[in-house]
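Q: Sharing a structure here in structure tokens format.
The values are calculated or read from the model by the stated rules, or taken from the named source; none is laboratory data. Not measured: the values here are computed from a predicted model. Here Cβ is always computed from backbone atoms with ideal geometry, including for glycine, and neighbour counts include all displayed protein chains.
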Amino acid sequence: MTTTHTLGFPRIGARRELKFALERFWKGEATAQELGAQAAQLRQRHWQQQSKLDFAPVGDFSLYDQVLDMSFTLGNVPERAHSHHGDALDASLHSYFRVARGRSQGDHDHACGGVHAGEMTKWFDTNYHYIVPEFGADTSFRLDTARLDEQLAQARTLGVKAKPVIVGPLTYLWLGKTKDGSDRLDLLPRLLPVYAELLAWFVTQGIEWVQVDEPALVTELDARWQAAYASAYDTLQHSGAKLLLATYFGRLENNLALACALPVDGLHLDAINARAEIAPVIAALGQDKVLSLGVIDGRNIWKTDLHATLEWLEPVQRQLGQRLWIAPSCSLLHVPVDLQNETALDPEIRSWLAFAVQKLEELRILAHALDHGRSQVQLELVENAAAIDRRRASKRVSNPEVARALAAITPQLGQRASSHAERSLKQAALLQLPSYPTTTIGSFPQTAAIRQARNAHKKGELDAAAYEEAMRGEIARCVREQEALGLDVFVHGEAERNDMVEYFGEQLDGYAFSQNGWVQSYGSRCVKPPILFGDVRRPQAMTVKWTTYAQSLTDKPMKGMLTGPVTILNWSFVRDDQPRSASCRQLALAIREEVLDLERAGVRVIQIDEAALREGLPLRRGEWKNYLDWAVESFRITANGVADETQIHTHMCYSEFNDIIAAIAAMDADVITIETSRSSMELLDAFDDFSYPNEIGPGVYDIHSPNIPSQDHIVDLMRKAATRIPAERLWINPDCGLKTRNWEEVLPALRNMVAAAHTLRAA
Ligand code: GLN
Ligand code: ZN
């Protein structure tokens, strides 16, 4: 019999119950007990949904983050977060949220207990963010089983066939950072006894299999890390628990032999991303180990082609017999919970999709077909094949006009007529900007009034004309404020946009939207990625009327504001029936039309945001070039069809540019605005070394913080910047959009920014 299991399940809840429970707790509207009860209820529901599987994960549920959970289990809790709360349960919960988000219930500000939160960063190449473990030379570890104990006890009561899930010791170290320059790998000898103790404890709890997540094995590891893997698992092999070493998100490549040789009882391989490694893994694994194959895509929302899967899986099953396990490729954390709740989705498109619950059903069908023959699940297979065929043949998916446009792409399409040096002279003559020109990144505060108007409009309580009137009012206010501030290049403020990707997706052919397709981004924060299902076409102009309206209110240049193709792609669920690069080029052609329409409408400055360009980088460096090539090409297609006089801006809200500076230069935007304020301009080193040829606006105002930067501070930052970039190429702007701030914070901050520009110009 084929064993079925999952590596993890979404914990936020189909209706985001966990999010709302957390927020109630943080606001002091719910007790720790109430939060705990809601969490237990969710776990119970999720185990029920997984009850047809041979094993259900335990310990994958988290109140905030599974890596932070592991830090607590290993007793690696930063000193600053320790709570002196009398009650032990409450105390650990409070310190947990202090690390997670800087404060817990009742910590109002720095004065009464707020601390700086743990750093957050992307979980491999996903959109999930984890709390980075903090290490130092004197970090020590101590086992704390409280969380796992509670979840295992609950699972036992409910009769769940429990397979505990933990982050493995090497991946745990790999994910963390040292604060004192010491080497985190040196901590391994101190860490392993705690892991050994944990595994032994699982055995006392009646556990047979433990899933040990080691996704670091799909990244490039040097010889030292590889050797550490070998010695670590040598040490852990005698615990008495059977270990399933879980790898996912990519191929093992040069870690394949190592992963297969480790003294564990089973290996999980992502058969979606590493299909080609199945044969070599089987050959290297030996006769005794279990091979768990991730046969269903845990990162996307499309139905699995069950026939196609069985075609390659059946021979593997004949070869492995009982040793074959099957699962989704990775934890289902990265997909929405249940398609059942999508009542408003177009029925045709809906019939092509599978969310977490539907993926479990696919897994069951596959296992049944393997064990008893396809004929035993014929009905299900026929239905699946019909859906796959309908999608393949759908006129809504492929549009010959788009295919023709894609085939007609030439290098000239992404090439501006002249070099930046020549363009900048023409732009300067036209725009007449002072030195150190000031601008903002696009959005101004999304006030309660704006959100209310949009909700009312969505519900049909506010008709289109009234909604548009309200948005025009907001735009007019935004222009007035910028006039009063004396900024140089204006924005319309993006009041009409709910989200920088969804707003464009809603107006493009080829996109669909779920109502409840929430995926956890970090903590209680969820995103609802739009679903890119078909060829992309822009039926009509998307932003021109708003921008030209805003321009009509002022003589200052008004920036047209667009989201770039790479960012739209990286923040969507994308097609699996063509390469990402093809989808990206389609988006590029559609946004290019918008750029050209804006130019025709007299807009002289156009900003194309690529906030997510960097996060699309593949896990392995060897694949970066290919990604950056098509990403940069897509941006160039979008942006570079304009006349020399039209100034193209791009914006990226992060600060790690060292690795991608050449690609950014190749985009050839006239101006790039970036996030720098928190790194106090150090990241400009990247631009300096490469002698970045175009203009740069290094952010001087950290918009994530309510703090208002002083004029002096901004002048200092810009003087620092001017030591690296010639002053005539510098702009002054905030780090990012201002939508999450309120006007009371924004106005004084921008006032100081403009005053700083005057100081610098006078010097
Ligand atoms: N133009 C967008 C804004 O100002 C950019 C947001 C972003 O980069 N994340 O909100
Ligand atoms: Zn930004």
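Q: What number goes with the only condition from (1) within 30 Å of Gly136 (Cα to Cα); (2) surrounded by fewer than 22 Cβ atoms within 10 Å (Cβ to Cβ); (3) of a type outside the set (A, V, I, L, M); (4) touching a residue at least 12 places away in the same chain (Cβ under 8 Å) that Ser71 does not pass?
A: (2)
Q: Mind listing whichever residues of region 376-402 are of a type outside the set (D, E, K, R), under 29 Å from the mean Cα position of the chain (by Cα) and within 26 Å of Ala590 (Cα to Cα)?
A: Of everything in region 376-402, those that are of a type outside the set (D, E, K, R), under 29 Å from the mean Cα position of the chain (by Cα) and within 26 Å of Ala590 (Cα to Cα) turn out to be Val397, Ser398, Val402.
Q: Return the residues of region 653-666 that are within 16 Å of ligand 2 (Cβ to nearest atom) and either surrounded by 24 or more Cβ atoms within 10 Å (Cβ to Cβ) or at pLDDT 95 or above (or both); say none if nothing qualifies.
A: Within region 653-666, Ile664 is the sole residue that qualifies.
Q: Does Ile568 satisfy the criteria of being in contact with a strand residue (DSSP E or B) (Cβ under 7 Å, 6 or more places away or on another chain), among the β-branched types (Val, Ile, Thr) and modelled with pLDDT of 95 or more?
A: Values: in contact with a strand residue (DSSP E or B) (Cβ under 7 Å, 6 or more places away or on another chain): no; among the β-branched types (Val, Ile, Thr): yes; modelled with pLDDT of 95 or more: yes.
Spelling it out, it is not the case that Ile568 is in contact with a strand residue (DSSP E or B) (Cβ under 7 Å, 6 or more places away or on another chain), among the β-branched types (Val, Ile, Thr) and modelled with pLDDT of 95 or more.
Q: Taking the residues in region 403-441 that are part of a loop (DSSP other than H, G, I, E, B) and within 16 Å of ligand 2 (Cβ to nearest atom) as candidates, determine which candidate is farthest from the chain's Cα centre (by Cα).
A: Of all residues in region 403-441, those part of a loop (DSSP other than H, G, I, E, B) come to 408-410, 415-419, 432-437, 440-441.
Among the residues that remain, those that are also within 16 Å of ligand 2 (Cβ to nearest atom) are: 440-441.
Values: Thr440: 24, Ile441: 21 Å.
Restricting to residues being part of a loop (DSSP other than H, G, I, E, B) and within 16 Å of ligand 2 (Cβ to nearest atom), the top hit is Thr440.
Q: Look at Asp702 and say whether it is acidic (Asp, Glu) and more than 16 Å from ligand 2 (Cβ to nearest atom).
A: Numbers: acidic (Asp, Glu): yes; more than 16 Å from ligand 2 (Cβ to nearest atom): no.
It is false that Asp702 is acidic (Asp, Glu) and more than 16 Å from ligand 2 (Cβ to nearest atom).
Matching residues to (1) hydroxyl-bearing (Ser, Thr, Tyr); (2) more than 16 Å from ligand 1 (Cβ to nearest atom); (3) closer than 30 Å to Trp325 by Cβ; (4) not assigned by the TED database to the domain that holds Thr547:
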| site | (1), (2), (3), (4) |
| --- | --- |
| Ala385 | no, yes, yes, yes |
| Pro411 | no, yes, no, yes |
| Lys426 | no, yes, no, no |
| Gln446 | no, no, no, no |
| Lys459 | no, yes, no, no |
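Q: Do the conditions hold for Thr673, that is, is it modelled with pLDDT of 95 or more, over 24 Å from Asn752 (Cβ atoms) and within 16 Å of ligand 1 (Cβ to nearest atom)? Outline the logic, then answer.
A: Working: modelled with pLDDT of 95 or more: yes; over 24 Å from Asn752 (Cβ atoms): no; within 16 Å of ligand 1 (Cβ to nearest atom): yes.
Criteria not met by Thr673.
Q: Additional query: Identify the residue in region 576-624 that is assigned to a loop (DSSP other than H, G, I, E, B) and touching a residue at least 60 places away in the same chain (Cβ under 8 Å) and, among all such residues, is nearest to ligand 1 (Cβ to nearest atom). Explain how you work it out, then say what you get.
A: Just the residues of region 576-624 that are assigned to a loop (DSSP other than H, G, I, E, B), to begin with: 576-579, 601-604, 610-613, 617-620.
Subset that is touching a residue at least 60 places away in the same chain (Cβ under 8 Å): 576-577, 604, 611, 617-620.
Details: Asp576: 26, Asp577: 29, Arg604: 18, Ala611: 4, Leu617: 17, Pro618: 22, Leu619: 23, Arg620: 26 Å.
Among those residues, the one meeting the criterion is Ala611.
Q: Also, I was wondering about something else. Can you run down the residue pairs with Cβ atoms below 7 Å, 6 or more apart or on separate chains, where the first is in region 734-753 and assigned by the TED database to the domain that holds Tyr436 and more than 9 Å from ligand 1 (Cβ to nearest atom) and the partner is aromatic (Phe, Trp, Tyr) and at pLDDT 95 or above?
A: If the second residue must be aromatic (Phe, Trp, Tyr) and at pLDDT 95 or above, the pairs left are Val746/Phe444.
Q: Next question. In region 630-660, how many residues are in a loop (DSSP other than H, G, I, E, B), within 16 Å of ligand 1 (Cβ to nearest atom) and either hydroxyl-bearing (Ser, Thr, Tyr) or in contact with a Cys (Cβ under 6 Å, 6 or more places away or on another chain) (or both)? First the steps, then the outcome.
A: Looking only at region 630-660, we keep the residues that are in a loop (DSSP other than H, G, I, E, B), and these are 640-646, 653-657.
From what is left, the residues that are within 16 Å of ligand 1 (Cβ to nearest atom) are 653-657.
Now restrict to residues that are either hydroxyl-bearing (Ser, Thr, Tyr) or in contact with a Cys (Cβ under 6 Å, 6 or more places away or on another chain) (or both): 653-655.
Counting residues in region 630-660 that are in a loop (DSSP other than H, G, I, E, B), within 16 Å of ligand 1 (Cβ to nearest atom) and either hydroxyl-bearing (Ser, Thr, Tyr) or in contact with a Cys (Cβ under 6 Å, 6 or more places away or on another chain) (or both) gives 3.
Q: Still on this model: Could you tell me how many of the residues in region 471-525 are of a type in the set (S, T, N, Q), buried (at least 20 other Cβ atoms within 10 Å of the Cβ) and assigned to a strand (DSSP E or B)?
A: Of the residues in region 471-525, 1 are of a type in the set (S, T, N, Q), buried (at least 20 other Cβ atoms within 10 Å of the Cβ) and assigned to a strand (DSSP E or B).
Q: If you don't mind, another one. Tyr503: among the hydroxyl-bearing types (Ser, Thr, Tyr) and within 16 Å of ligand 1 (Cβ to nearest atom), yes or no? Let's see the steps before the verdict.
A: On the way: among the hydroxyl-bearing types (Ser, Thr, Tyr): yes; within 16 Å of ligand 1 (Cβ to nearest atom): yes.
Against the criterion (among the hydroxyl-bearing types (Ser, Thr, Tyr) and within 16 Å of ligand 1 (Cβ to nearest atom)), Tyr503 qualifies.
Q: Any residue in region 551-571 that's more than 28 Å from Gln432 (Cβ to Cβ): show its pairings with residues that are within 16 Å of ligand 2 (Cβ to nearest atom) and of a type in the set (Gly, Ala, Ser) at Cβ separation under 6 Å, as long as the two are six or more apart or on different chains.
A: Thr567/Ala611; Thr567/Ala612; Asn570/Ala612; Asn570/Gly616; Trp571/Ala612
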